[in-house]
1. Looking at the range B:170-195 only, could you name the residues that are in contact (Cβ under 8 Å) with a residue 60 or more places away in the chain, buried (at least 20 other Cβ atoms within 10 Å of the Cβ) and more than 16 Å from ligand 1 (Cβ to nearest atom)?
2. Among what's in the range A:118-175 and is aliphatic (A, V, I, L, M), touching a Lys or Arg at 6+ places or on another chain (Cβ under 8 Å) and closer than 16 Å to A:Ala46 by Cβ, pick the residue that is nearest to the other protein chains (Cβ to nearest Cβ).
3. Can you report the number of residues in the range B:204-228 which are part of a loop (DSSP other than H, G, I, E, B) and modelled with pLDDT of 95 or more?
4. I'd like the full set of residues that are open to solvent by 10 Å² or more (accessible area, probe 1.4 Å) and among the aliphatic types (A, V, I, L, M), limited to the range A:106-143.
5. Any residue in the range B:141-164 that is at pLDDT below 95 and of a type in the set (D, E, K, R)?
6. Based on what the data block shows, is A:Phe6 open to solvent by 50 Å² or more (accessible area, probe 1.4 Å) and outside any helix (DSSP H, G or I)?
7. Determine which member of the set B:Glu78, B:Glu51 is within 16 Å of ligand 2 (Cβ to nearest atom), closer than 22 Å to A:Glu131 by Cα and either at pLDDT below 95 or within 14 Å of another protein chain (Cβ to nearest Cβ) (or both).
8. Out of B:Leu120, B:Leu50, B:Leu65, I need the residue that is out of contact with any Gly (no Cβ under 7 Å at 6 or more places or on another chain), of a type in the set (A, V, I, L, M, F, W, C), closer than 30 Å to B:Thr135 by Cα and more than 16 Å from ligand 1 (Cβ to nearest atom). Which one?
Amino acid sequence: MLNYKFDWSIITSGQYFDWLLSGLFTTLKLSAVSIVFSFILGLLIAVMRMSHSKPVRWVALSYLEFFRNTPLLVQIFFWYFGSYKILPMFVNDWLNETGFEFAAATMALTIYTSAFIAEDIRSGILSIPKEQMEAARSAGFSYIRSMQYIILPQAVRITVPPLVNQFLNIAKNSSLAMTIGVMEMTYQARQVESYTFKGFEAFTAATVVYLVLSIVITLLVNTYNEKVLKVHKAS
Amino acid sequence: MIIFQGVHKWFKDLHVLNDINLHITSGEVLVVCGPSGSGKSTLIRTINELEPISDGKLIVDGMDLSDKSTDINKLRAEIGFVFQQFNLYPHLSVIRNITLAPTKIRKMSKKDAEDEAMLLLTRVGLADKRNAYPTQLSGGQQQRVAIARALAMKPRIMLFDEPTSALDPEMIGEVLEVMKDLARSGMTMVVVTHEMGFAREVAHRVAFMADGIILEKAAPEEFFLRPQHPRAQQFLRQLLTPMQAESNGSNFSHHHTKEDVK
Ligand SMILES: Nc1ncnc2c1ncn2[C@@H]1O[C@H](COP(=O)(O)OP(=O)(O)O)[C@@H](O)[C@H]1O
Ligand SMILES: [Mg+2]
């Protein structure tokens, strides 16, 4: 019945293994860079969203709605095909040298994910009992200092697990970057397939890598919840 | 030290403080009691402006709270506040809970602040807990740390809002001991509590509140032996027979009120 011959050896060693490995490396690099920038951007948007000024809140809210509700693939295409027309020449030159595909993918993933992270951080801040702010203000801390020393450190601790999940999402979403030629995991699996016609093995390997990544990270989050959050959570 | 002149406070239509006139002198220990919902928390929270007043005049440590130019953070640094639910910072160790404000606001060196904190921890009997985290402590221990944290700022006034109401009965004593020591050391204190034993032992005056009004102000012996107002008489009767007490019965532990009011 099955006349497909499995050959796992091609993906466990040699050139094709190297391709897959470099794909994994690119996926991890893309995800790591994007998560760092989207955390910073997300923190900013979260704080803007809770600002006392209505226009500032409105800007943050529009940002959130816009980027959460447009398909990621469209955003990737926008940065890849559209942005060079509006960017200054020297930025384009620099991007072309450093790898325009990678930069466009990072841009899209960062902005898209920052909208979700902003909401994670905001609910982290909201989950800190208001008595913590009262205790800090009573001691003589200003609003900003209370945020800095008492509220945000607790909120960020609570936000670590959803943040790690966002990292996983980026890792998975980054497979869309193959459409603009970023040589990440899925791109390389595709490449191996087209050279060897061993599509089953190549994509199984890619699947296993994403799965292992998920499991390892989930285990880390569980340990974190047990060891760190339990001790430092306000009752 | 603390002067209320015709102070009113509304939450929307709810008149929570009604024409409060009160003069608390330096070194005085004032106990505030009354049925739940009578405005005790609101009253004590106006003193460090956790609740701004709606009308009247309130002067604390020479600063006028109705004056917009008053630096509220500076005033709050001079006032210690102890909450019913302790409200320690859960992400910081005991010693960091105590040294945070002195180092960041008073700009004390870490070393000086820690030495100071250890003296305070010894005073409240918790020197061995310096590196513990709040969740690892019992309620009574957390509240003693909270008192040490407030004292670390060398406050001129200490405010307590039902500091023992959230505690198991067997832990109330240890917290009250710390507070009595503090009272005897001459600290100006305003204490919302139903611990009548504490009031009899160290309070200079007791204020009785109901429906946002201070119905009675008297020396403790006067208040307990000859309460003037019918509401006060009723309140004290209920303290003696906690069975019929208002639904908020957890405010006073059974065995304590009995033995204390004897
Ligand atoms: N932030 C608030 N907003 C609206 N109403 C409040 C608020 N805080 C307290 N109240 C109401 O004010 C009244 C007095 O409350 P409180 O000062 O806490 O009384 P007590 O401490 O004597 O139990 C209660 O009816 C309470 O429901
Ligand atoms: Mg109260």
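The values are calculated or read from the model by the stated rules, or taken from the named source; none is laboratory data. As the structure is a computational prediction, the values presented were derived from the model and not from experiment. Here the Cβ positions follow ideal geometry from the backbone for every residue, glycine too, while neighbour counts run over all protein chains shown. Each accessible area value is taken on the protein alone, full model and side chains, heavy atoms only, with ligands, DNA and RNA left out. Shrake-Rupley method; radii C 1.70, N 1.55, O 1.52, S 1.80 Å.
1. B:Ile172, B:Ala183, B:Thr188, B:Met189 - these are the residues of the range B:170-195 that are in contact (Cβ under 8 Å) with a residue 60 or more places away in the chain, buried (at least 20 other Cβ atoms within 10 Å of the Cβ) and more than 16 Å from ligand 1 (Cβ to nearest atom).
2. A:Ile158
3. Filtering the range B:204-228 for residues part of a loop (DSSP other than H, G, I, E, B) gives B:204, B:211-212, B:219, B:226-228.
Applying the additional criterion that residues be modelled with pLDDT of 95 or more yields B:204, B:211-212, B:219.
Number satisfying all stated conditions: 4.
4. A:Met107, A:Ile111, A:Ile125, A:Leu126, A:Ile128, A:Met133, A:Ala139
5. First pass over the range B:141-164, keeping only residues at pLDDT below 95: none.
No, the range B:141-164 has no match at all.
6. Considered against the rule, which asks whether it is open to solvent by 50 Å² or more (accessible area, probe 1.4 Å) and outside any helix (DSSP H, G or I), A:Phe6 comes out as yes.
7. None of the others qualify; the one that does is B:Glu51.
8. Values: B:Leu50 fails: more than 16 Å from ligand 1 (Cβ to nearest atom); B:Leu65 fails: closer than 30 Å to B:Thr135 by Cα.
Going through B:Leu120, B:Leu50, B:Leu65 in turn, the sole match is B:Leu120.
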